[in-house]
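For reference, the structure discussed in these notes is given below.
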Amino acid sequence: MEAVMVRYGEIFLKSEPVKRRFISIMTENIRLALEAEGLSHRIETPRGRVLIFGDEPRRIAAAVAGTFGVVSVSVCTVTTADIPGIAAAAVEHAEWHLRPGMSFAVRARRSGVEGFNSQELAAEVGSAVLDRVPEATVNLTTPDYEVFVEAREFGGLVYDEKISGPGGLPYGTQGEVMALLSAGIDSPVASWLMMRRGCLMVHVHMHSGRFGGADSEKNVLQNHARLSRWVPGHPVDLLVVDMEPFFEAITALKEPRYRCILCKRFMLRVASILAEERGAYALVNGDNLGQVASQTLANMTVIAPAATVPVLRPLIGFDKEEIIERARAIGTFEAHPGSVGCTVAPRYPSTAAPAATIAQIEAVLDVESLAVRAAGTVRRYRAKNGEVEGER
């Protein structure tokens, strides 16, 4: 019999009640992922392991490997928990991979089984492999091939491949947050990183209208859909806010160099209103220290107080190439995004805007009224399993 074994990481560090809750949420997310792929299955959770049985174990493994909280998965042969049964399965695995002159190692674990220890299990399995493939050699340091064997109270497990997962915490173990999502590279990665830490995600996009690129909203919807693929079975909402009246107001100002700071503060104001309406715990954005003028430490210090809920910045210490690499890996990188620029951005933006000056400008603009007005313009979209269901 074959089964898919799921490994999880820092969940082990939690207290027993928290661990049980996290594992329960993770297995529910696995179930939703497998249902989204149309894969019949049965999930068992013996101590320290999650096992999934089904008719298509390799497809199951591929689907589960994308689930947050999963460190890795393996398709295993399930045997009896004795040395002869485990050794016979290990020999079958080894015969597919070992050739004369190749080296191998047996990695053994034992828990809840009496009569032998891990070293004895590894030695017996290794001897059985050498009997079948005598031209092979043992190399415990840098082998050409590794076979993993486990003796557990529920049975034996034999496998020789590990498929890496995203790790992190199961989606939904933390509270809801609201991520400012744009058509660019950074903000989708920031959203993904917080989803990976278990946060339920809501996206909000500040739509520039005629002040932005023609492809911006299309790309935002695409980013939104792509991110929803990481949490199959879970609907993810996107709130689109009309920013045109605000842009009309700041483009009428004589001094253009503070526009980006005013814009970032305004976005945080509006997003805070929406977060408080939904009961979201925090905002998430793609700020990366020193990347652009509005993200200097001086300007971030001026921008941050505009939010009335905490702001999480998971990319704050990343290099740009690291962000691009992660965007490629999670499927949100777009090499040719089209027209996504902002016509409001000044040629020479301030890198250290005075807080008092910004406050004076905002008083003239009456940004509080503008923010309430903007928050009332929301259009809602929902994505699920990589598809946007349309405006709601």
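Before moving on, here are some points about what is shown:
- Check on Gly155, touching a strand residue (DSSP E or B) at 6+ places or on another chain (Cβ under 9 Å), modelled with pLDDT of 95 or more and not hydrophobic (A, V, I, L, M, F, W, C): no
- Test for Asp237: is it surrounded by fewer than 22 Cβ atoms within 10 Å (Cβ to Cβ), touching a Pro at 6+ places or on another chain (Cβ under 8 Å) and of a type outside the set (A, V, I, L, M): no
- Within the range 1-47, considering residues that are of a type in the set (Gly, Ala, Ser) and under 24 Å from the mean Cα position of the chain (by Cα), the one farthest from Gly165 (Cα to Cα): Ser15
- Here Val50 meets each of (1) within 22 Å of the chain's Cα centre (by Cα); (2) modelled with pLDDT of 95 or more with one exception, condition (2).
- Those residues of the range 218-243 which are of a type in the set (Val, Ile, Thr) and within 16 Å of the chain's Cα centre (by Cα), in sequence order: Val231, Val236
- Matching residues in the range 331-364 - criterion: being surrounded by fewer than 17 Cβ atoms within 10 Å (Cβ to Cβ), out of contact with any Lys or Arg (no Cβ under 7 Å at 6 or more places or on another chain) and farther than 24 Å from Ala190 by Cα: Thr343, Arg347, Ala352, Pro354, Ala355, Ala356, Thr357, Ala359, Gln360, Ala363, Val364
- When Arg382, Arg373 are checked against the criterion of being under 30 Å from Gly66 (Cα atoms), touching a residue at least 40 places away in the same chain (Cβ under 8 Å) and surrounded by fewer than 18 Cβ atoms within 10 Å (Cβ to Cβ), Arg382 stands alone in meeting it.
- Note on the range 119-137: residues that are more than 15 Å from Ala90 (Cα to Cα) and among the polar types (S, T, N, Q) amount to 2.
- Applying the condition of being in contact with a helix residue (DSSP H, G or I) (Cβ under 8 Å, 6 or more places away or on another chain) and among the basic types (Lys, Arg) to the range 6-60 and asking which residue is nearest to Tyr171 (Cα to Cα) yields Lys19.
- The helices (runs of 4 or more DSSP H) found entirely in the range 279-366 that carry 3 or more residues being small (Gly, Ala, Ser) are 355-365.
- Verdict on Glu135 being closer than 30 Å to Ala87 by Cα, touching a Leu at 6+ places or on another chain (Cβ under 8 Å) and in the same structural domain as Ala33 (by TED's automatic domain parsing): no
- Top-ranked residue of the range 63-88 - restricted to ones that are of a type in the set (Val, Ile, Thr) and under 22 Å from Gly165 (Cα atoms), ranked as nearest to the chain's Cα centre (by Cα): Thr67
- Residue match in the range 97-104 (condition: aliphatic (A, V, I, L, M), over 30 Å from His336 (Cβ atoms) and out of contact with any Pro (no Cβ under 8 Å at 6 or more places or on another chain)): yes
- Every listed requirement among (1) surrounded by 20 or more Cβ atoms within 10 Å (Cβ to Cβ); (2) more than 27 Å from Ala36 (Cα to Cα) is met by Leu181 save one, (2).
- No other residue among Gly85, Gly126 is assigned by TED's automatic domain parsing to the domain that holds Val158 and within 17 Å of Tyr145 (Cα to Cα) apart from Gly126.
- Number of residues in the range 278-301 that are among the aliphatic types (A, V, I, L, M), surrounded by fewer than 17 Cβ atoms within 10 Å (Cβ to Cβ) and touching a residue at least 60 places away in the same chain (Cβ under 8 Å) equals 0.
- One residue from Ala275, Ala304 being surrounded by fewer than 18 Cβ atoms within 10 Å (Cβ to Cβ), touching a strand residue (DSSP E or B) at 6+ places or on another chain (Cβ under 9 Å) and closer than 18 Å to Ala190 by Cα: Ala304
The values are calculated or read from the model by the stated rules, or taken from the named source; none is laboratory data. Bear in mind the structure is a predicted one, so any value in this text is a computation, not a measurement. Virtual Cβ from ideal backbone geometry, glycine too; neighbours counted across all protein chains shown.
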